[in-house]
Amino acid sequence: MLKAVNITKRFGSLKAVDNLSFEVQKGQIYGIAGPNGAGKSTVYNLITGFYPYEGKIEFDGRDITGLPPYRIAKAGIARTFQIPKTFPSLSVQRSISVGSRFGAPGGLDSAHVNEILHFVSLETERYQKTGLLNLLGKKKLMIGAALATKPKILMLDEPMAGLNALEIKAMMGLIRKINSDLEITIVIIEHFMKVLTDLTETLLIIETGRMICCDAPEIAANNPQVIECYLGDTYVEC
Amino acid sequence: MNLKSMVTFLAVTYGLIGIMPLFVGDSVIIMRILTMILIWSIVASCWDVIMGFAGIFSFGQVAFFVIGAYSSAILSVSLNVPPVVAMLMAGMITAMVGVLVGLPCIKLAGPYIALVTFAFHMALKPFFSGPLGKAIGSGGSRGILSVPPIKIFGMAFSSAELVPFFYLALFLTLICSGVIVAILKSYWGTAFLALKDSEDFAVSLGISAFKYKLMVFGITSFITGLFGALYVHYVGILSIRVLSGQVFTTLMIMIVVGGIGQYPGVVLGAVFTVTAEQLLRPLGIYRFVIMGGLVVAVVLLLPDGITGLIRKLFPGRQEKESRSIETHKSSLEGVG
C-alpha cells in the first residue's frame, strides 16, 4: 500500500535517511523504531511531503514523490506529530472539522465529525478551545483531526510519549480500534518496545537512517544488531 | 467572537456613526472626521485580517492603500476613465500587486515578512516621485492635484458635499465589512486561523498554505486598494506624503487600540484614533508623544485592546459556558 524505494535525505553532509526501502501492507499495524536521531520522524516528513528527497514513494500504486503536504493529505495519508500540535484559536469540534473540510474527499461531513468526536471520546470537550486540553486530549485531537480526512493510512509519531501507564493503555486501545473498526492501516513510531510488540505485525528498526532489520516484532527485538544499537554491544549474548 | 455578536457589534457601531450626520451634518470638521473613520476602519480591518487572523506580519498595508489611490487617480486623470470604473480597476491592480508581494512571503517567517513588505512600502516613495512615476502620470513629487469626484447617475461625490460622500463611504464600508465577516466566519477564515496556529498541522490536514496565504493577500489588498481609491476621489489631491510614517503609525495605533486579531474591535480603534488625533491637533507634533504613550499603555495593560476590556466588563456567553463546564467538572470531581 505504501512503498518507499531507496529514499535518501541529506541535511548538508549528514545523511538523515540513507537509501531506505520498505513496504507497508494494507490493514497492517506497522511499527518503526530506532534510537534517538535515527531518522524516524524524518522518514515521516519525507512520506508526507514536508521535505524534498531522493528516491521514490508510492501510495496505492500511485507515485506521490514531490507532492506538497496538502495533496498527500488529500490522497489519504494522515499523520500526527511527536510534539502535539493544535489550533489554539479553534474549538475542538472546529479543529476536527478542518480535517473533514479540507482533507476528506467529499469535503465537510458533519455527521462524520460527530462520529469522530465520539470515537476519540472528546464529545464533552467539543466546544472548548483546544489549548485547554491536557496532553492526552491534545493527542486525541490530533488523531481525531487526522481521522476526519478519511485517510487510508494513519501515521502516528510517538503517540505514547509523555503519557502515564493508564493513558498508554487507553491510547493502545484507541489505535487498535482505528485499525480494526475503521479499517485504517497504521504506521507507528514508538520507543516503548512493549507497545510495539503488543500492537504491531511488522517492525522496522532503523539506525542513522539505515535499515537494521525488518521482521515480526518478537524476532526483531531479539536481533543482536538491534540490541547493540539500543543498549550497546556488551549486552549482546555471544 | 461568534457571528451574531460580530454582526451586532458592527451594526451598532456603524449604525451610530450612520445617524450622526442627522445631528452634526452642518459641522464640516465632524463630517470630515466621520468620513475618515469609515475609510480608516476598513483599511485597518484588512490589516487585522491579514495580521491578526492569518498571522502574516505584513507591513504593506499603507503601500496597498497608496497603490489603490494612485491607480485610480492616474486612470481617471490621465486616461479619463470614469472614477467608478477607475476605483474598481484600482482595487484589482492593488490585488494583483498584493499577490505579487505575497509570493515571496509564503516561504518566510514572521519578521522577514515584515521586512519584505516594509521594503516594498519604502520603495514606493522614490518610484512615484521619480521619473518612472512621472512616466505613468504620478506627477512626481508634486503629486496629482485635480482628481475628479466620483460621479454616479450624474451626482458628484467629493469633499465639496460632505454628507452625500459620507453615505457613499458608509455604503461601501458596510459592503466590505459584510465581505470581511463572511470570509472570517467561513472555512476560509478557519483556514487562515489554522495556518497561523500551526502551519504544519494545517497542511497535514489538507490546507494549501500557498493558496490561502495568497488569497488573504489578494482579498485584503483589493479592499484596501478600493478604499485608497475612494480616499483619493474624496480629497481630490494626492502626493507621496501619504507614504509618510505618520499615516503608517496612525493605522497601527488603530489596530493596537482595537486589539490585534480581535475583529471587529479594530473599528472602535479607528473611531478612537481618528477622533483623538483630531482633538489633539492643537498640540502640534506633541500629539504623537501622547499617542505613542497611549500605545505603550494599551500594550501593557490591555493586550487585546478595547475588545479585551469590553470582554472583561461584559463576559459573553462563551466564557459563561466554559465556566459552567468547569464548575460542572469540579462538582463531578467532588462527587467522585
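Quick check on region A:82-91. Is at least one of its residues within 13 Å of another protein chain (Cβ to nearest Cβ), in a helix (DSSP H, G or I) and touching a Phe, Trp or Tyr at 6+ places or on another chain (Cβ under 9 Å)?
no
Would you tally the residues in region A:1-31 being under 17 Å from the mean Cα position of the chain (by Cα), over 19 Å from A:Lys56 (Cα atoms) and part of a strand (DSSP E or B)?
Total satisfying the criteria: 3.
Consider B:Ser177 carefully, then state whether it is touching a residue at least 60 places away in the same chain (Cβ under 8 Å) and buried (at least 17 other Cβ atoms within 10 Å of the Cβ). Please lay out each step first, then the result.
Numbers: touching a residue at least 60 places away in the same chain (Cβ under 8 Å): yes; buried (at least 17 other Cβ atoms within 10 Å of the Cβ): yes.
Taking the combined requirement at face value, the residue satisfies it.
Going by the structure shown, is A:Gly39 more than 8 Å from chain B (Cβ to nearest Cβ) and in contact with a strand residue (DSSP E or B) (Cβ under 9 Å, 6 or more places away or on another chain)? Walk me through it before giving the result.
Working: more than 8 Å from chain B (Cβ to nearest Cβ): yes; in contact with a strand residue (DSSP E or B) (Cβ under 9 Å, 6 or more places away or on another chain): yes.
So A:Gly39 fits the description; yes.
I'd like the residue in region A:64-91 that is within 18 Å of the chain's Cα centre (by Cα) and either charged (D, E, K, R) or farther than 27 Å from A:Gly37 by Cβ (or both) and, out of all such residues, is surrounded by the fewest Cβ atoms within 10 Å (Cβ to Cβ).
Among those residues, the one meeting the criterion is A:Arg71.
Quick one: in region A:120-141, which of the residues that are among the β-branched types (Val, Ile, Thr) and facing another protein chain (nearest Cβ under 9 Å) is farthest from the chain's Cα centre (by Cα)?
Of the residues in region A:120-141, the ones among the β-branched types (Val, Ile, Thr) are A:120, A:124, A:130.
Retained after the next criterion (residues that are facing another protein chain (nearest Cβ under 9 Å)): A:124, A:130.
Working: A:Thr124: 26, A:Thr130: 21 Å.
Residue satisfying both the conditions and the ranking: A:Thr124.
Hey, A:Asn45 hits all of (1) surrounded by fewer than 23 Cβ atoms within 10 Å (Cβ to Cβ); (2) farther than 16 Å from A:Asp157 by Cα; (3) within 17 Å of the chain's Cα centre (by Cα); (4) of a type outside the set (Phe, Trp, Tyr) but one; which does it fall short on?
If we test A:Asn45 against (1) surrounded by fewer than 23 Cβ atoms within 10 Å (Cβ to Cβ); (2) farther than 16 Å from A:Asp157 by Cα; (3) within 17 Å of the chain's Cα centre (by Cα); (4) of a type outside the set (Phe, Trp, Tyr), just (2) comes out false.
Kindly indicate the residue of region B:239-255 that is within 17 Å of B:Met51 (Cβ to Cβ) and of a type in the set (A, V, I, L, M) and also nearest to the other protein chains (Cβ to nearest Cβ) among those meeting that condition. Please lay out each step first, then the result.
Residues of region B:239-255 within 17 Å of B:Met51 (Cβ to Cβ): B:247-255.
If we keep only those that are of a type in the set (A, V, I, L, M) as well, we get B:247, B:251-255.
Details: B:Val247: 30, B:Leu251: 23, B:Met252: 22, B:Ile253: 24, B:Met254: 22, B:Ile255: 17 Å.
Across region B:239-255, the extreme among qualifying residues is B:Ile255.
Residues checked against (1) within 10 Å of chain A (Cβ to nearest Cβ); (2) free of Cβ contacts under 8 Å to residues at least 60 places away in the same chain; (3) touching a His at 6+ places or on another chain (Cβ under 9 Å):
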position	(1), (2), (3)
B:Tyr187	yes, yes, no
B:Ser204	yes, yes, no
B:Ile207	yes, yes, no
B:Phe210	yes, no, no
B:Val216	no, no, no
B:Leu226	no, no, no
B:His233	no, no, no
B:Ile237	no, no, no
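Identify all residues within region B:117-137 that are buried (at least 19 other Cβ atoms within 10 Å of the Cβ) and more than 9 Å from B:Ile240 (Cα to Cα); write none if there are none. Break it down into steps so the answer makes sense when it comes.
Taking region B:117-137 first, the residues buried (at least 19 other Cβ atoms within 10 Å of the Cβ) are B:117, B:120-121, B:124, B:128-129, B:133.
Correct list: B:Thr117, B:Phe120, B:His121, B:Gly133.
One line per residue, one yes/no per condition, for (1) under 14 Å from A:Lys40 (Cβ atoms); (2) buried (at least 16 other Cβ atoms within 10 Å of the Cβ):
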{"residue": "A:Pro159", "(1), (2)": "yes, yes"}
{"residue": "A:Lys169", "(1), (2)": "no, no"}
{"residue": "A:Ser180", "(1), (2)": "no, no"}
{"residue": "A:Ile189", "(1), (2)": "yes, yes"}
{"residue": "A:Phe192", "(1), (2)": "yes, yes"}
{"residue": "A:Leu199", "(1), (2)": "no, yes"}
{"residue": "A:Leu204", "(1), (2)": "yes, yes"}
{"residue": "A:Ala220", "(1), (2)": "no, yes"}
{"residue": "A:Pro224", "(1), (2)": "no, no"}
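Can we say A:Lys56 is basic (Lys, Arg) and at the interface with chain B (Cβ under 9 Å from one of its Cβ atoms)?
Details: basic (Lys, Arg): yes; at the interface with chain B (Cβ under 9 Å from one of its Cβ atoms): no.
Against the criterion (basic (Lys, Arg) and at the interface with chain B (Cβ under 9 Å from one of its Cβ atoms)), A:Lys56 does not qualify.
Which of (1) more than 8 Å from chain B (Cβ to nearest Cβ); (2) within 24 Å of B:Lys185 (Cβ to Cβ); (3) in a helix (DSSP H, G or I) does A:Phe102 not meet, given it meets every other one?
Of everything listed in (1) more than 8 Å from chain B (Cβ to nearest Cβ); (2) within 24 Å of B:Lys185 (Cβ to Cβ); (3) in a helix (DSSP H, G or I), A:Phe102 misses just condition (1).
Check whether at least one residue in region A:10-21 is under 28 Å from A:Lys139 (Cα atoms), exposed (fewer than 15 other Cβ atoms within 10 Å of the Cβ) and either of a type in the set (Asp, Glu) or away from chain B (no Cβ under 14 Å) (or both), and report yes or no. Talk me through it step by step, then tell me what you get.
First pass over region A:10-21, keeping only residues under 28 Å from A:Lys139 (Cα atoms): A:16-17.
Filter again for exposed (fewer than 15 other Cβ atoms within 10 Å of the Cβ), leaving none.
No; the residues of region A:10-21 include none that is under 28 Å from A:Lys139 (Cα atoms), exposed (fewer than 15 other Cβ atoms within 10 Å of the Cβ) and either of a type in the set (Asp, Glu) or away from chain B (no Cβ under 14 Å) (or both).
What pairs come out if I take residues in region A:144-161 that are part of a strand (DSSP E or B) and pair them with residues that are among the polar types (S, T, N, Q) whose C-beta lies under 6 Å away, six or more apart or interchain?
Here the result reads A:Ile153/A:Thr185; A:Leu156/A:Thr80; A:Asp157/A:Ser41; A:Asp157/A:Thr80; A:Asp157/A:Gln82, each pair linking region A:144-161 to a residue that is among the polar types (S, T, N, Q).
Evaluate the following for A:Leu166: is it of a type in the set (A, V, I, L, M, F, W, C), in the same structural domain as A:Gly39 (by TED's automatic domain parsing), touching a residue at least 60 places away in the same chain (Cβ under 8 Å) and not in a loop (DSSP other than H, G, I, E, B)? Walk me through how you get there before you give the answer.
On the way: of a type in the set (A, V, I, L, M, F, W, C): yes; in the same structural domain as A:Gly39 (by TED's automatic domain parsing): yes; touching a residue at least 60 places away in the same chain (Cβ under 8 Å): no; not in a loop (DSSP other than H, G, I, E, B): yes.
Considered against the rule, which asks whether it is of a type in the set (A, V, I, L, M, F, W, C), in the same structural domain as A:Gly39 (by TED's automatic domain parsing), touching a residue at least 60 places away in the same chain (Cβ under 8 Å) and not in a loop (DSSP other than H, G, I, E, B), A:Leu166 comes out as no.
Go through region A:33-42 residue by residue and tally those that are outside any loop (DSSP other than H, G, I, E, B) and either free of Cβ contacts under 8 Å to residues at least 24 places away in the same chain or surrounded by fewer than 21 Cβ atoms within 10 Å (Cβ to Cβ) (or both). Talk me through it step by step, then tell me what you get.
Narrowing region A:33-42 to residues outside any loop (DSSP other than H, G, I, E, B): A:33, A:40-42.
Now drop any that are not either free of Cβ contacts under 8 Å to residues at least 24 places away in the same chain or surrounded by fewer than 21 Cβ atoms within 10 Å (Cβ to Cβ) (or both), which leaves A:41.
Number of matching residues: 1.
Any residue in region B:91-109 that is in contact with a Phe, Trp or Tyr (Cβ under 8 Å, 6 or more places away or on another chain), farther than 19 Å from B:Thr220 by Cα and exposed (fewer than 13 other Cβ atoms within 10 Å of the Cβ)?
No: region B:91-109 contains no residue that is in contact with a Phe, Trp or Tyr (Cβ under 8 Å, 6 or more places away or on another chain), farther than 19 Å from B:Thr220 by Cα and exposed (fewer than 13 other Cβ atoms within 10 Å of the Cβ).
The values are calculated or read from the model by the stated rules, or taken from the named source; none is laboratory data. Just so it is clear, the model here is predicted, and its values are computed rather than measured. For neighbour counting, all protein chains shown are included, and Cβ atoms are generated from backbone atoms with ideal geometry for every residue, glycine included.
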